[in-house]
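The values are calculated or read from the model by the stated rules, or taken from the named source; none is laboratory data. These numbers were taken from a predicted model, which means no experiment stands behind them. No Cβ is skipped: glycine too gets one built from the backbone with ideal geometry, and neighbour counts run over all protein chains shown. Side chains are part of the model used for accessible areas, which takes the heavy atoms of the whole protein and leaves out ligands, DNA and RNA. Shrake-Rupley method; radii C 1.70, N 1.55, O 1.52, S 1.80 Å.
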Amino acid sequence: MYASKNTEIKDLSLAPSGRDKIDWVIPNMPVLRAIERRFAKEKPFSGMRAAISIHLEAKTAYFANVLRSGGAEVFVTGCNPLSTQDDVAAALAADGFAVNAFHGASPADYERHLVRTLSCRPDFIVDDGGDLLHILHTSHPEFAKNLRGGCEETTTGVIRMRARADAGELNFPMIAVNDANSKHLFDNRYGTGQSVWDAIMHTTNLMVTGKTVVVAGYGFCGKGVAKNARAIGANVIVTEVDPHAALEACLDGCRVMPMEQAAPLGDIFITVTGCRDVITKKHFELMKDNAILCNAGHFDVEVNVRELRGMSVSESERKPNIRGFVLPDGRTLNVLGEGRLVNLAAGNGHPAEIMDMSFSLQCLCCEYVALHSDRLLPRAVTDVPPELDREVARIKLSETGVAIDELTEAQKKYLASW
């Protein structure tokens, strides 16, 4: 363990490996590179401190570097105990960042890392899942003394944030970055769709073609997971609680049914709902021998591993990131990545080209927060300003050599008339 006044990581000597990972993704993130060039000239965050809690891997590390190029002093932690890559954390620490995170952190370690990160009393935060926000409103509100506001990265965090705002208990402005088109249309659908299957196939080294895949939840993440499963050759079943989402899954060619009906049919189960207890004891009792269960939602509450452990006669690590639970009748059910976010707990997360858009949007929203005082931004959940959302898409197209049409003045007038 390496620890200093502002840093607690696993092993500083891992830094060269982490640096290689960061150097690999940078050429594949052209929008973020363009923003970094502007930030380096304009220094919009000069004199400010940023606290970020995001899955700590190579793309996140580059994002932290871009904020620092803009003049911010950046304090970094993870948002999931199993998604932190220790070599990337070491590379950031070696480059002078305050980093508090290591892979496999206990719940107490994880909370301590969040608190240590927030103790810098940041001017703005970037949260992924809402844990920073929770601490700033409960155990350590004093750390919000200088806070101008922040940004939330993911669906689960936005749900928690809006619930707090609806209760009248949101104490500073927050931007729902996840809800912007440049984020959820691409990150949630294409990023999750690819990275989940990358992790499952790499971890299990098994065929997907011909198997029955059960996808719980047909939001943007679920759509991506199901689409890629069909492309690989799987038979896809979707479970849903929303009638419109269920109807869309039907029209997309998926079978739709309740989880109790899907449980005996599935070979691979993937939860993508953001809700708890999606797969529980009554479903485990019906599943095939050697079924694979994994979760692609933010928190490890969708597959009820605690209930599975309670009904098992034994368990063991069958191979890295696969835990086998033997039931009294001899069946074995396999859980990937401890039921945590599988594409990061057992994989490398979203492709760099996807995170290029998400982190570019975060940069522009951080700049928006930094340049607006609390007097100008309401203490509420704010949508991403449309001009920032369009700017990211525009730069992405430009950097990839794609041109599009523009409306003529006559067309604009026509669309604005009755």
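Computed on protein heavy atoms with a 1.4 Å probe, the accessible areas place M207, M355, M201 in the order M207, M201, M355, largest first.
Note on the chain: with a GNM built from Cα contacts shorter than 10 Å, the maximum mean-square fluctuation among P328, P378, P122 falls on P328. The calculated FRET efficiency for R379 paired with L185, based on their beta-carbon distance and R0 = 25 Å, is about 0.35. Of the beta bridges in the chain, as assigned by DSSP with both residues counted there, near 20 percent are antiparallel. Annotation: lysines with alpha-carbon distance below 28 angstrom to K5 (same-chain offsets under eight excluded): K21, K43, K59, K145. Element breakdown for the chain at a 1.4 angstrom probe: carbon and sulfur atoms account for 52% of the accessible area. Rolling a 1.4 Å probe across all protein chains gives K282 an accessible area of roughly 110 Å². The angle between the Cα long axis of helix 386-399 and the main principal axis of the chain comes to about 80°, on a 0 to 90 degree scale. Semi-axis lengths, largest first, of the ellipsoid equivalent to the chain are 35, 27, 20 Å, with √(5λ) applied to each eigenvalue of the Cα gyration tensor.
Taking label points 7 Å from Cα along the Cα-to-Cβ direction, E169 and E285 give a separation of 3.6 nm.
In the context of the full protein assembly, V313 retains an accessible surface of approximately 100 Å², using a probe radius of 1.4 Å and ignoring ligands and nucleic acids. When only alpha carbons are used to place a centre, the stretch 331-352 and the stretch 64-143 end up 22 Å from one another. Note on surface exposure: T332, T209 rank T209, T332 by accessible area, highest first, 1.4 Å probe.
Within the full protein context, the accessible area of R340 is estimated at about 50 Å² for a probe radius of 1.4 Å.
Counting only protein chain heavy atoms and rolling a 1.4 Å probe, the accessible areas of W197, W418 rank, largest first, as W418, W197. When the chain is treated as a Gaussian network with alpha carbon springs shorter than 10 Å, the biggest mean-square fluctuation among A249, A291, A163 belongs to A163. Surface exposure of the chain, expressed per residue as accessible area with a 1.4 Å probe, stands at 44 Å². Running Debye on the stretch 1-76 with equal point scatterers at the Cα sites and no solvent, what base-10 log of I(q)/I(0) appears at q = 0.12, 0.18, 0.19 Å⁻¹? Debye curve over Cα of the stretch 1-76, log10 I(q)/I(0) at q = 0.12, 0.18, 0.19 Å⁻¹: -0.37, -0.81, -0.89. Mean residue ellipticity at 222 nm, helices only, the chain: -12000 deg cm²/dmol; runs of at least 4 DSSP H residues each add -39,500 (n - 2.57), and the sum is divided by the number of residues.
Between L407, L14, L364, the GNM of the chain built on Cα springs shorter than 10 angstrom shows L407 fluctuating the most.
Working from Cα pairs under 8 Å separated by at least six residues, relative contact order for the stretch 142-194 is 40 percent.
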